[in-house]
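In what follows, a structure is listed as structure tokens, so that the remarks can point back to it.
The values are calculated or read from the model by the stated rules, or taken from the named source; none is laboratory data. Predicted, not measured: the structure shown is a model, and the values here were computed from it. A quick note on method: Cβ atoms are made from the backbone with ideal geometry, for glycine too, and the neighbour counts reach across all protein chains shown. Please note that ligands, DNA and RNA were not included when accessible areas were found on the heavy atoms of the full protein model with its side chains. Shrake-Rupley method; radii C 1.70, N 1.55, O 1.52, S 1.80 Å.
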Amino acid sequence: MSADYTAMWQELGLDLEAHDGLLTVLGAAYRDIYLSQQNRPEAMAYFDFCVSGIHGLRIKELMEAQAEGRKVVGSFCLYVPEEIILAAKGISVGLCAGADLGTGQSGRLLPNNTCALIRSFVDFKLAKVCPYFEASDLVIGETTCDGKKKAYEILGELHNTFVLEVPHTKSASARALWRSEIGRLVGRVKELSGVTITAEGLAEGIRIVNAKRAALQRLARLRAAEPAPISGRDALLINQIQFYDDPVRFTESVHALCDELDGRVAEGEGVAPSSAPRVLVSGCPMAAPNWKVPFLVERNGGVIVGEESCVGERGTRNEVAEGGSSCEKMLDAIAERYLQIDCAVFTPNEERIGHIIEMARDLNADGVLQYVIQFCTPYSMETHRVEEAMRQEGLPLLKLETDYSMEDAGALETRIQAFLEMLTARSER
Ligand code: BJ8
């Protein structure tokens, strides 16, 4: 019998009725999208377990850590360095921004043409259904796209919020600004936690997060095998869980999975036939529990082999240089690593195009699915560059612009089916 966490949720101030409704919907979606898959690796059991305890056991762990004096820090973006939070003995969590709650409460605060990701996190806060949000002692926002930075002004009225200034170019002055922002973050985290950030603490934080990224990179490389040893849905799920789980335990579990996948690759065993069209997804992040498009692709016979996304390769690609001799040197290395992230809010953003080409080649992709959340100007505008690069690369591209509702699922599925048929026909030529 599963534990009853009602008292814990009450203590966090959740709206219990709305929260129950959310868990029911998510449970059904998880069964349909994940547990219905055939031939999943056995080591996925750990990640299924994580999902089963995502609002229960993991939250209990966070609250126990808080009782010992540790702080929980929530965020929405890759530019928030987990290393610094760990160095202050804190716990970093990614906050829910991948579901349409259907309450429409954010409608009284946000314009209609706000992207689903922003609407989602404002709705989650207003509806009081996300235990991670409510357990967070501090939420760190960032000045990435216009919608987010204005939304954090609203969020600041509802929650303890700190906004990190992310520059939009990588010029010398932008780098100096970013480095000073890293210093400002250190000050805020120290103020929150009462913990002085030391060189030892930072070195440990860097090592833990680098190890997590290395494990995810190992998983990413295994997906180059033909047939693909793991579904895109499962790989996406793992990339989503990295934002919630304990980083050391998570890293061990990813390696255990990779050990099993090594065996599958050696045996030529896959989750889909070798003839399945291999799709690289590129674009906006798919925050949990945004599984709509991967489900539609794989339900129709395609297999997703990589995500050029913040919940994917963009988040795991670069590691922080280790071996810094002082706090300041390590913070320099952290600032340097985070500025390598090729988010579309930067201009110019040539690196991203090169990374998509590199991934498509390395993963033997047959086509690229450009995923854009409706009303996301940075990624929508950048699609033009991606299309041109893929044309030169000889790779078909399908642009899908959508939100989190299921209303357009039928129309999306029709376009995905046509795209997959075209990829199959090309490979048979
Ligand atoms: S590093 S991609 S997580 S900013 S989808 S809210 S961009 S309008 S999420 Fe992002 Fe950090 Fe960049 Fe990654 Fe705005 Fe677009 Fe909405 Fe977006």
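Roughly how tilted is helix 16-30, in degrees to the nearest 10 and between 0 and 90, from the longest Cα axis of the chain?
In the chain, helix 16-30 runs at an angle near 30 degrees to the longest axis.
At 1.306 mPa s and 10 °C, plugging the Kirkwood radius over alpha-carbon pairs of the stretch 34-173 into Stokes-Einstein gives what diffusion coefficient in µm²/s?
Using the Kirkwood radius from Cα pairs, D works out to 95 µm²/s.
Just how far, in whole angstrom, is the stretch 387-429 from the stretch 213-286 if you go by their alpha carbon centroids?
Taking the Cα centre of each part, the stretch 213-286 and the stretch 387-429 sit 22 Å apart.
In cubic angstrom, how much convex hull volume per residue do the alpha carbon atoms of the stretch 220-338 span?
For the stretch 220-338, the hull spanned by Cα atoms encloses 114 Å³ per residue.
Which number do you get for Rg(Cα) / (2.2 N^0.38 Å) in the chain?
Normalised by 2.2 N^0.38 Å, the Cα Rg of the chain equals 0.94.
State the extension gain, in nm to one decimal, for the chain segment bounded by ALA67 and GLU351, taking 0.36 nm per residue of separation less the distance between their alpha-carbons.
97.9 nm
For the chain, what is the accessible area per residue in Å² when the probe is 1.4 Å?
Spelled out: the 1.4 Å probe surface of the chain, per residue, equals 41 Å².
Here are some pairs, LYS89/LYS212; LYS128/LYS148; LYS89/LYS292; LYS128/LYS170; LYS212/LYS399; which of them have Cα atoms lying more than 27 Å apart in this structure?
Pairs exceeding 27 Å: LYS89/LYS292; LYS128/LYS170; LYS212/LYS399.
Can you compute the equivalent ellipsoid semi-axes for the stretch 240-296, i.e. the square root of 5 times each eigenvalue of the Cα gyration tensor, sorted largest first and rounded to whole Å?
23, 21, 8
Rounded to the nearest 500 deg cm²/dmol, what is the calculated helix-only ellipticity per residue at 222 nm for the chain, with -39500 (n - 2.57) per DSSP H run of length n ≥ 4?
-16500 deg cm²/dmol
Under a point-charge model restricted to the Cβ atoms of Lys and Arg (+1) and Asp and Glu (-1), what is the dipole moment magnitude of the stretch 368-425 relative to its Cα centre, in debye to the nearest 20?
Approximately 180 debye in magnitude.
Please report, largest first and rounded to whole Å, the three semi-axes of the ellipsoid equivalent to the stretch 90-158, where each semi-axis is the square root of five times an eigenvalue of the C-alpha gyration tensor.
Three semi-axes, in Å: 18, 15, 10.
Quick one: grab Rg to one decimal and Dmax as a whole number for the stretch 300-425, Cα atoms only, in Å.
17.3, 57
With +1 on each Lys and Arg Cβ and -1 on each Asp and Glu Cβ, and nothing else charged, work out how big the dipole of the stretch 309-429 is about its Cα centre, in Debye to the nearest 20.
The dipole magnitude comes to about 200 debye.
Excluding ligands and nucleic acids, what accessible area in Å² is computed for LEU412 using a 1.4 Å probe, to the nearest 10?
Here the residue's solvent-accessible area equals roughly 10 Å².
Just name one of PRO111, LEU192, TYR46: the one whose Cα is farthest towards the positive end of the charge dipole of the chain (beta-carbon charges, Lys/Arg +1, Asp/Glu -1).
PRO111
If you take all C-alpha pairs in the stretch 132-240, what percent of them are over 23 Å apart?
Tail of the P(r) past 23 Å holds 53 percent of the pairs.
For the chain, what % of the accessible area comes from carbon and sulfur atoms, probe 1.4 Å?
That share works out to 52 percent.
Under a Cβ-only charge scheme (Lys and Arg +1, Asp and Glu -1), can you give me the dipole magnitude of the stretch 44-161 about the Cα centre, in debye to the nearest 20?
220 debye
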